[in-house]
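A.B. asks: Structure incoming, see below.
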Amino acid sequence: MAATLAPEAPVRTESGGGRFVTVPPESRGDWGGSGGNARVVQRYKLAVWIGMGAVVMFFAALTSAMIVRQGLSGDWRPFTLPSVLYASTAVLLASSLTVERARRSLLEGNADALRRWTNVSVLLGLAFVSCQLLGWQALAERGIYLASNPANSFYYVLTAGHGLHLVGGIVALGYIWARVSAGRPWPTREAAVEAAALYWHFMDVLWIYILGLLLFWR
């Protein structure tokens with residue numbers, strides 16, 4: 001029998017084998033009927049929005065520096081992007097779909113589906129990072145290194161910056177997968193899933209922006 005989630009039932013939660021265990025009153029927290037859980041979800045998402053604002057400012061600064069540096073002298077030498085970048089883009093777009101499926105599984109109360117789709121999302125995230133590393137390797141084989149040209153430097157900084165922020169999302173999804181797999185009471189589960197999904201979709205949009213910048217502003 002598939003494990004189910006019961007966010008509206010403060011006295012029960014799923015266990016690893018699809019069974020339910022009683023949640024002690026002190027652990028119920030945000031699962032009560034007073035709207036406490038909704039408030040926690042909003043707090044988590046607000047924290048993510050603040051973090052995303054900082055990330056936007058960071059990449060806006062990089063974009064401005066890139067545009068200014070490009071016009072300073074004639075030493076800007078554009079290069080053909082590694083083809084693996086397009087494969088990594090497809091992988092990241094697919095991961096947004098699986099993250100959304102995980103979020104919907106939570107809303108439907110399906111613990112098995114939440115665990116499964118979160119696991120797939122983590123694997124796709126790791127595949128994206130692997131593709132980025134392969135892209136760096138392909139550039140190195142062509143003699144395109146970080147310090148050899150300003151255009152190269154901005155490519156490496158932009159892709160590395162995005163990759164590091166994405167790793168944070170992978171860690172968050174991995175944490176959710178581990179907590180759901182453990183099957184123990186977890187009052188802030190909904191807030192964590194909603195916040196992680198919001199951040200992951202943001203990483204997707206940010207990557208499309210970076211890819212467009214690298215393709216058309218060179």
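The values are calculated or read from the model by the stated rules, or taken from the named source; none is laboratory data. It should be emphasised that the depicted structure is a prediction, and the values quoted were computed from it without experimental measurement. We place every Cβ from the backbone using ideal geometry, glycine too, and count neighbours over all the protein chains shown. Accessible surface is based on the protein model in full, side chains and every heavy atom, while ligands, DNA and RNA are left aside. Shrake-Rupley method; radii C 1.70, N 1.55, O 1.52, S 1.80 Å.
A.B. asks: Output the residues belonging to the range 77-90 that are under 16 Å from Leu126 (Cβ atoms) and open to solvent by 30 Å² or more (accessible area, probe 1.4 Å).
C.D. replies: Within the range 77-90, Val84, Ala87, Ala90 qualify.
A.B. asks: Also, quick follow-up: Go through the range 64-75 and count every residue that is touching a helix residue (DSSP H, G or I) at 6+ places or on another chain (Cβ under 7 Å) and either surrounded by fewer than 16 Cβ atoms within 10 Å (Cβ to Cβ) or among the small types (Gly, Ala, Ser) (or both).
C.D. replies: 2
A.B. asks: In this structure, is Thr98 touching a residue at least 40 places away in the same chain (Cβ under 8 Å), of a type in the set (Ser, Thr, Tyr) and crowded, with 16+ Cβ neighbours inside 10 Å?
C.D. replies: No.
A.B. asks: Going by the structure shown, is Gly169 free of Cβ contacts under 8 Å to residues at least 60 places away in the same chain, under 28 Å from Ala61 (Cβ atoms), in contact with a Phe, Trp or Tyr (Cβ under 7 Å, 6 or more places away or on another chain) and assigned to a helix (DSSP H, G or I)? Before you say what the answer is, go through the steps one by one.
C.D. replies: Values: free of Cβ contacts under 8 Å to residues at least 60 places away in the same chain: yes; under 28 Å from Ala61 (Cβ atoms): yes; in contact with a Phe, Trp or Tyr (Cβ under 7 Å, 6 or more places away or on another chain): yes; assigned to a helix (DSSP H, G or I): yes.
Answer is yes for this residue.
A.B. asks: Please verify whether the range 122-129 includes one or more residues that are farther than 16 Å from Val167 by Cβ, open to solvent by less than 20 Å² (accessible area, probe 1.4 Å) and modelled with pLDDT of 95 or more.
C.D. replies: There is no residue in the range 122-129 that is farther than 16 Å from Val167 by Cβ, open to solvent by less than 20 Å² (accessible area, probe 1.4 Å) and modelled with pLDDT of 95 or more.
A.B. asks: Only one of (1) surrounded by 15 or more Cβ atoms within 10 Å (Cβ to Cβ); (2) out of contact with any strand residue (DSSP E or B) (no Cβ under 6 Å at 6 or more places or on another chain); (3) touching a residue at least 12 places away in the same chain (Cβ under 8 Å) is not met by Tyr175, so which one is it?
C.D. replies: (1)
A.B. asks: For Val180, all conditions in the list (1) open to solvent by less than 20 Å² (accessible area, probe 1.4 Å); (2) over 26 Å from Thr80 (Cβ atoms); (3) touching a Ser or Thr at 6+ places or on another chain (Cβ under 6 Å) hold save one; what is the number of the exception?
C.D. replies: Only one criterion in (1) open to solvent by less than 20 Å² (accessible area, probe 1.4 Å); (2) over 26 Å from Thr80 (Cβ atoms); (3) touching a Ser or Thr at 6+ places or on another chain (Cβ under 6 Å) is unmet by Val180, namely (3).
A.B. asks: Select, from Tyr156, Tyr145, the only residue that is farther than 23 Å from Val48 by Cβ, without any contact (Cβ under 8 Å) to a residue 60 or more places away in the chain and either open to solvent by less than 10 Å² (accessible area, probe 1.4 Å) or not in a helix (DSSP H, G or I) (or both).
C.D. replies: So the residue among Tyr156, Tyr145 that is farther than 23 Å from Val48 by Cβ, without any contact (Cβ under 8 Å) to a residue 60 or more places away in the chain and either open to solvent by less than 10 Å² (accessible area, probe 1.4 Å) or not in a helix (DSSP H, G or I) (or both) is Tyr145.
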